[in-house]
């Protein structure tokens with residue numbers, strides 16, 4: 001049996017507010033939403049030393065294991081659970097443990113390059129790009145990486161200038177052309193409210209479908 005999931009992709013630069021948008025547009029539908037962080041699909045670099053991993057370019061499309069992501073999205077959209085990888089940002093390493101993720105009526109893929117891959121885009125019903133000024137984004141990234149992930153400020157700044165900024169300009173920002181909706185300045189309240197209504201409508205449609213399926217089984 002195929003679950004008629006509604007798939008949303010939320011892209012944008014580092015610190016743009018993607019996670020905030022994902023949370024706010026789905027906060028009123030509870031367990032009816034499955035979130036898929038693109039960061040969990042970084043390539044497994046366990047064969048490299050910590051120093052080599054620290055110097056890797058994590059903002060280039062090649063940093064992600066797209067085949068695994070496509071396979072997992074396809075499974076979720078087909079009503080099948082997946083074993084989602086987890087990522088340790090302090091060690092730049094994929095963790096050994098995986099988390100079982102069940103399919104739901106709304107699937108949200110969130111990450112800087114969520115709208116980059118053509119085959120992934122074809123799986124999504126709604127494409128969102130969150131656009132926020134660069135100065136705001138870098139301050140948010142510093143706050144996140146230093147305070148939340150325990151990284152050194154100097155390393156965060158060096159990474160931003162050497163890879164994050166140029167990769168944003170080369171790969172992330174151009175994905176705006178794939179967006180159905182561009183949300184300015186992070187969690188813009190008008191845009192978020194409209195999207196929240198859309199998500200609630202989709203979960204309502206799923207409930208109606210589930211009820212019909214239950215009746216057909218009688």
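Values quoted throughout were computed directly from the atomic coordinates according to the rules given, and no laboratory measurement underlies them. Just so you know, these numbers come straight off a predicted model, no measurement behind them. A quick note on method: Cβ atoms are made from the backbone with ideal geometry, for glycine too, and the neighbour counts reach across all protein chains shown.
Of the peptides 92-98, 141-147, the ranking by mean beta-carbon count within 10 Å, highest at the top, reads 141-147, 92-98. Where both residues lie in the stretch 6-217, what percent of DSSP beta bridges are antiparallel, nearest 5? Among the beta bridges of the stretch 6-217, antiparallel pairing accounts for roughly 25 percent. For the stretch 1-125, pairs of C-alpha atoms spaced more than 26 angstrom apart make up 20 percent of the total.
Entry for the stretch 6-217 at q = 0.07, 0.17 Å⁻¹: log10 I(q)/I(0) = -0.22, -1.26, Debye formula applied to identical alpha-carbon scatterers, no solvent contribution. For the peptides 30-38, 80-88, the ranking by mean Cβ contacts within 10 Å, running from highest to lowest, is 30-38, 80-88. Using a Gaussian network model of the chain in which every pair of alpha carbons under 10 angstrom is joined by a spring, one finds that among 51, 24, 131 the greatest mean-square fluctuation is at 51.
The equivalent ellipsoid that matches the C-alpha gyration tensor of the stretch 66-181 spans semi-axes of 27, 20, 12 angstrom, in descending order. Put simply, the convex hull of the Cα atoms in the stretch 123-169 casts, on average, a shadow of 4.5 nm². Compute the long axis of helix 189-217 from its Cα atoms, compare it with the longest principal axis of the Cα atoms of the chain, and write down the angle in degrees, 0 to 90, nearest 10. Rounded to the nearest ten degrees, it is 40. Working from Cα pairs under 8 Å separated by at least six residues, relative contact order for the stretch 6-217 is 35 percent. Across 114, 16, 134, mean-square fluctuation computed from a Gaussian network of the chain (C-alpha pairs under 10 Å connected) peaks at 134. Helix 66-77 against the longest principal axis of the chain: what's the angle in degrees, Cα atoms only, rounded to the nearest 10? Taking Cα atoms only, the helix is inclined about 20 degrees.
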